[in-house]
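Q: First, the structure itself, so that you have it in front of you.
No lab work stands behind these numbers, since they all come straight from the coordinates. Since we're looking at a predicted model, the values are computed, not measured. In this analysis, Cβ positions are derived from the backbone assuming ideal geometry, glycine residues included, and neighbour counts consider all displayed protein chains.
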């Protein structure tokens, strides 16, 4: 592992880390000899396309990313930025009754921001933003009944 750069939990580490051996038990479990101590590990998630591993070692979870020379070039070119959807309107995904809004006119929302709670078939569904935008208007109000694909929120 010498002369390799890694980012572990957001911190860049370079060079040799004191690992003397990594022994794979199977595709998921392994042991590491580190400075004379043996540690048991497990691969929780492997995102090989992104050169990322999430591992658990002695009950602690770490995200490890291997840095490649091309990664810096991709970053400099701005190609590593996640494409974000710009919102224009939110239509009801199902028929139901609006229980409450989590946003007001003028609020800026990001991906995953709760927008409203919709009751459908006696279940409460929190509808979240699928992109970014600024709330321009609420086409419906609290306790209004909506049909599928009916306009609820407009965005700027």
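Q: What translational diffusion coefficient, in µm²/s and rounded to a whole number, does the Stokes-Einstein relation yield for the chain at 25 °C and a viscosity of 0.890 mPa s, taking the hydrodynamic radius as the Kirkwood radius over Cα pairs?
A: Estimated via Stokes-Einstein, D reaches 125 µm²/s.
Q: Continuing with this model, one more query. How far is the Cα center of the stretch 27-80 from the Cα center of the stretch 96-141, in Å?
A: A separation of 37 Å, based on Cα centres.
Q: Rounded, prolate or oblate, given the Cα gyration tensor of the stretch 42-111, with a/c below 1.5 counting as rounded?
A: The shape class here is oblate.
Q: Further, regarding this structure: What value in Å³ per residue do you get for the convex hull of the alpha-carbon atoms in the stretch 89-155?
A: Looking at the stretch 89-155, the number lands at 66 Å³ per residue.
Q: May I pose another question? Highest first, please rank the peptides 81-93, 97-109, 126-138 by the mean number of other Cβ atoms sitting within 10 Å of their residues.
A: Most protected by this proxy first, the peptides run 126-138, 97-109, 81-93.
Q: Determine, from the Cβ-Cβ distance of residue 51 and residue 110 and an R0 of 30 Å, the FRET efficiency 1/(1 + (r/R0)^6), rounded to the nearest 0.05.
A: For R0 = 30 Å, the calculated efficiency reads 0.70.
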